[in-house]
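Trainee: Structure below; questions to follow.
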Amino acid sequence: MPSTHTVDRAELLAAFDAELQPERFKDYGPNGLQVEGRARIGSIVSGVTASRALIEAAIEAGADAIFVHHGLFWRGQDGTVTGWMKQRLRLLLAHDINLFAYHLPLDAHPTLGNNAQLARVLGLQATGRFGEQELGFIGGRAEGDRFASAEALAAHVGSALNRPVVLVQPAQAAIEKIAWCTGGAQGYFEDAIAAGAQAFITGEISEPQAHYARECGVAFLACGHHATERYGAPALAGHVAAQLGLAHRFIDIDNPG
Ligand SMILES: [Zn+2]
């Protein structure tokens, strides 16, 4: 990744923070700079998760910084640097690579975030927000038409994401009002139902949602946590990199989950 221009780490952090406004969110882990690397940054690799595979690929690419949706530190961890955590941290520190991670702020960004970018990929247009911290998006097809059925919507989503979709409760009627929230947002289903959605698109399903779908007659589509969250990190990191004149590349480490 040849980069002709570099910026100070603090300048890059300020640019990410200005876009994502992490202070507006109550989150499950620290947003911003999670691991400090070298002071000057010319190239960024973005990815979904700060996995060992992504860190190794970023080292290979010669990145000065990694930008991810899922960082290393989460509420509820035991706080030890052992096992996979040791391996990931050792690689970052040994190669002096900065790790930037933004969780809920990246889901929520109105144009470059995961929900906005999933809508772009699926051809949906948001008309409103719903759910805790207003993370859920609700709207319909961008061209204004409906999907003939929940099966038609599921087929459309499956082909756009190139991944099989789990569909519960195919509704009889055409689908006009669609809610979505990327990743592990199955807990938003009841709020989506209350907001009047006829179908809800997210990454994962848990046992209770199948019953809610059947009992409320609202289609539930589980499309993959990773598959629904592949689009925000490259959009945001690419935008900021272009703004600051830095090199950027998205590296997708495929994940069936
Ligand atoms: Zn996620």
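Trainee: Can we say R214 is within 12 Å of the ligand (Cβ to nearest atom), open to solvent by 20 Å² or more (accessible area, probe 1.4 Å) and not hydrophobic (A, V, I, L, M, F, W, C)?
Mentor: Criteria not met by R214.
Trainee: Here is a further query. Any residue in region 32-58 that is of a type in the set (K, R) sitting within a Cβ distance under 9 Å of a residue that is in a strand (DSSP E or B) and more than 16 Å from the ligand (Cβ to nearest atom)? List the pairs, counting only those 6 or more apart or interchain.
Mentor: Taking only residues 6 or more apart or on different chains, the pairs are R38/A65; R38/N98; R40/V7; R40/D8.
Trainee: D27 - would you say it is in a loop (DSSP other than H, G, I, E, B) and either touching a helix residue (DSSP H, G or I) at 6+ places or on another chain (Cβ under 8 Å) or not hydroxyl-bearing (S, T, Y) (or both)?
Mentor: yes
Trainee: Of these, S43, S51, which one is among the hydroxyl-bearing types (S, T, Y), open to solvent by less than 50 Å² (accessible area, probe 1.4 Å) and over 16 Å from the mean Cα position of the chain (by Cα)?
Mentor: Sole residue among the options that is among the hydroxyl-bearing types (S, T, Y), open to solvent by less than 50 Å² (accessible area, probe 1.4 Å) and over 16 Å from the mean Cα position of the chain (by Cα): S43.
Trainee: What do you reckon, is G37 among the small types (G, A, S), under 15 Å from the mean Cα position of the chain (by Cα), surrounded by 16 or more Cβ atoms within 10 Å (Cβ to Cβ) and at pLDDT 95 or above?
Mentor: no
Trainee: Of A150, A116, A126, which residue is in contact with a Pro (Cβ under 7 Å, 6 or more places away or on another chain), under 16 Å from Q198 (Cα atoms) and surrounded by 15 or more Cβ atoms within 10 Å (Cβ to Cβ)?
Mentor: Working: A116 fails: under 16 Å from Q198 (Cα atoms); A126 fails: in contact with a Pro (Cβ under 7 Å, 6 or more places away or on another chain).
Going through A150, A116, A126 in turn, just one is in contact with a Pro (Cβ under 7 Å, 6 or more places away or on another chain), under 16 Å from Q198 (Cα atoms) and surrounded by 15 or more Cβ atoms within 10 Å (Cβ to Cβ): A150.
The values are calculated or read from the model by the stated rules, or taken from the named source; none is laboratory data. Predicted model only: the values in this text are computed from it and were never measured. Glycine gets a Cβ as well: all are built from the backbone with ideal geometry, and neighbour counts include every protein chain shown. Note: areas computed on protein heavy atoms with side chains; ligands, DNA, RNA excluded. Shrake-Rupley method; radii C 1.70, N 1.55, O 1.52, S 1.80 Å.
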